[in-house]
1. Spot the failing condition for Ile278; the list is (1) within 12 Å of the ligand (Cβ to nearest atom); (2) at pLDDT 95 or above; (3) buried (at least 18 other Cβ atoms within 10 Å of the Cβ), and only one is missed.
2. Which one is surrounded by the most Cβ atoms within 10 Å (Cβ to Cβ), of the residues in region 300-355 that are within 16 Å of the chain's Cα centre (by Cα) and in a helix (DSSP H, G or I)?
3. From the list Ala101, Ala93, Ala97, Ala73, exactly one residue is in contact with a Cys (Cβ under 8 Å, 6 or more places away or on another chain) and small (Gly, Ala, Ser). Which is it?
4. Do any helices (runs of 4 or more DSSP H) entirely within region 157-275 hold 1 or more residues that are at positive phi and within 13 Å of the ligand (Cβ to nearest atom), and if so, which?
5. Select from region 143-156 the residues that are more than 16 Å from the ligand (Cβ to nearest atom), buried (at least 19 other Cβ atoms within 10 Å of the Cβ) and not polar (S, T, N, Q) and list them in ascending order.
6. Return yes or no: is Leu296 away from the ligand (no atom under 16 Å from the Cβ), more than 20 Å from the chain's Cα centre (by Cα), part of a helix (DSSP H, G or I) and under 30 Å from Pro123 (Cβ atoms)?
7. With the requirement that a residue be surrounded by 17 or more Cβ atoms within 10 Å (Cβ to Cβ) and either without any contact (Cβ under 8 Å) to a residue 60 or more places away in the chain or within 22 Å of Asn174 (Cα to Cα) (or both), what does region 83-102 give you?
8. Only residues that are surrounded by 14 or more Cβ atoms within 10 Å (Cβ to Cβ) and closer than 22 Å to Ile278 by Cα: list them for region 226-250, please.
Amino acid sequence: MRFHSLCVLGLGYIGLPTASTFATNGLQVIGVDVNRRIVDILRNGEIHIQEPGLRDLVQAAFGSGNLRVAEQAEPADAFLITVPTPILLDKRADLTAVRAAARAIAPHLRPGNLVVLESTSPPRTTVDVVAPILAESGLEPGRDFSLAYSPERVLPGQILRELVENARVVGGVNRASAEAGRELYSAFVRGEIVLTDATTAEMVKLMENTYRDVNIAVANEFAALAERFGVDVWEAIELANRHPRVAVLRPGPGVGGHCISVDPWFLVESAPEQTDLIRQARLVNDRQPGRVVARLEAALGGLRGKTIAALGLAYKADVDDLRESPALEVARQLAAAGATVRTYEPNAPTATAAGAQAVPSIEAALDGADAMILLVDHRGWAGLDPARAARVMRGRVVFDTRGVLPRAAWGQAGFRLHVLGAGSPLLLQGGEQSGGGSPNRRGPSIPSRENRGTAAAELDDEAGGSERPPLREGTPPEGEDEPSARPHRPAAGTPDA
Ligand code: SAJ
C-alpha cells in the first residue's frame, strides 16, 4: 500500500464513517470539517449524526490513535472529498463545497498523491470542475497525481456494513488513477472494486438513484390508475412481480431523502432536452403528497376544522432524517387546508411540519382525532392496535399511504380504511368490504424490505410485536437542534477555500 496517510474533507454521513473505517484499518487519517461545532463534538467523543454502530466505530478510530479531526486540510498521501452537493432552488447542483474542498487540497498536493471525489455530482464534475482547480497547484492530474471519482452507495441505517461489503466503483481520469483508487479502498472494502473512467462512475451513481425514482414513479402512477379502475394496486403489483423480469417498487406518499429526490435533477440539469422521462418521474413523485391530501379530503368530506393524526414524518421507515420528506409536505398541506394536524415522529420527537403540532406519542396524536393518516411505515407500526385507536379517536377514518395496515383488523374495529392505490374504501366490517378485491384479503404483501412488523401492538408501545423498536423512542436525535441537517450523503460541513 503506497497510501499511509489520508485527509478526508467533510465529516458528515459518509465522510465520518469512511474516515473512521480507514483509521481502524491502519491508515493515519485526518478528518476535516469547516463546521467548528462538528469538530468540537467529535473532539469531545460524541457524534453529530445518527447511524447504527457509528458511535462505537468513531470511538474505536480515536482509540486506535489513527484518527484526528481539524478545521483545515493538511498534507497527506491521499485526499477524499465527501462534502454535500445540495440542490439549488432552480434544481441545479450546488458545487460550492466541492470547489472549496478542491481549493483546500491544491496547496498541499504532492507528486504521487491521490484525490478521490465521492460527493454525488453531475456528469463531468471530476474532469471539468475538480481537475482544473487541482491543476492550479502546478501538478497535472493523471500524470503527477492520481484523480478519481468513487460514488458512495450506502443505505442510511446500514452504512457501516454496506461501506465494507458493497461493490465499489472507482473511476479514474486515467487508468493509473483508477488503480490508485483501488489500492486505497482495498484497505477495507470487501466487495468487488470495479475500475472505470471518472465520468462513467459519476453516471453510474446518478443512474442508480434515477432508476429507483422512475420505478417508484411508475408505482405511484399505477396506484392512481388502480384507484380509478377499482383495482387494488398492492395485489396487482404483487402479482406482476411474480413475472421473472418485473420488479415494480412500492407506491407511497412521495419520494424523500436527500438522494433519490435530488440526484435525477443532476441529469436533467446536464441535458434538459434528453431527460423527458426522468423529469416527468420527478414531477409524478413530487405530486404524490398533493394526491394524498386530496384523497383524505374526499374521505373526510373536507379538511377545515378536522383534527388529523399524522403518524410519521421521516422520509422513510426507521430513520430520523426529515429532509425532503413527503410526510412533512402532506402534514403541511393538511394544516394549510384548515385541519388541526398533530404529528408524531418517534425518531425526531420535537420536529413537526409548518402549521402542525408535534405530540409525544401515538396515543396523544389519536386522542379525539377525526382521522389518522399513516405516512411512514416505521417498524412495528403495521401492528398498531385498532381497538385502542377506536377507544380514543372521535372519527373512524384511517388512511394508510404505505399499504401496511391489516385491513380486516381495522375494518372489524369499525374503521373506514382507505389505502393508497386501492380502488375504493375498504369496509371490512365482519370480513366484508365494499370494493377492491376479495373479502378476506389480509392486505398488501409487496415485500420490499425485511421484517415488516405485523403482530398486534399496543398503541402506547409502537414497537410491540416487532423485531426491533423504533430508533431512540422519546430521545432527541443527535444533532438535536437541526434534525433536518443530518446529511444524507457526504458531509455536514464544507472545507474552507
Ligand atoms: N420509496 C418508495 N417506494 C419504494 C422505495 C422507496 O416510495 O418502493 C421512497 C422512500 O419512502 C423514500 C424514498 O423513496 O421516501 C427514498 O428511499 P430509498 O430507501 O429508496 O433510498 P435512500 O434515499 O434512502 O437511499 C438511496 C439508495 N439508492 C438506491 O437504492 C439506488 C442508496 O443505496 C444510496 O446510497 C442513497 O440513495 C444515496 O446516498 O444516494
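1. (1)
2. Ala327
3. Just a single option satisfies the conditions, and that option is Ala73.
4. Here the list is empty.
5. Residues satisfying the conditions are Phe145, Leu147, Ala148.
6. It is false that Leu296 is away from the ligand (no atom under 16 Å from the Cβ), more than 20 Å from the chain's Cα centre (by Cα), part of a helix (DSSP H, G or I) and under 30 Å from Pro123 (Cβ atoms).
7. Result: Leu95, Val98, Arg99, Ala101, Ala102.
8. Passing the criteria: Ile237, Val248, Leu249, Arg250.
The values are calculated or read from the model by the stated rules, or taken from the named source; none is laboratory data. Because the structure is a prediction, the values reported are computed rather than measured. Reconstructed Cβ throughout: ideal geometry from the backbone, glycine too, with neighbour counts over all protein chains shown.
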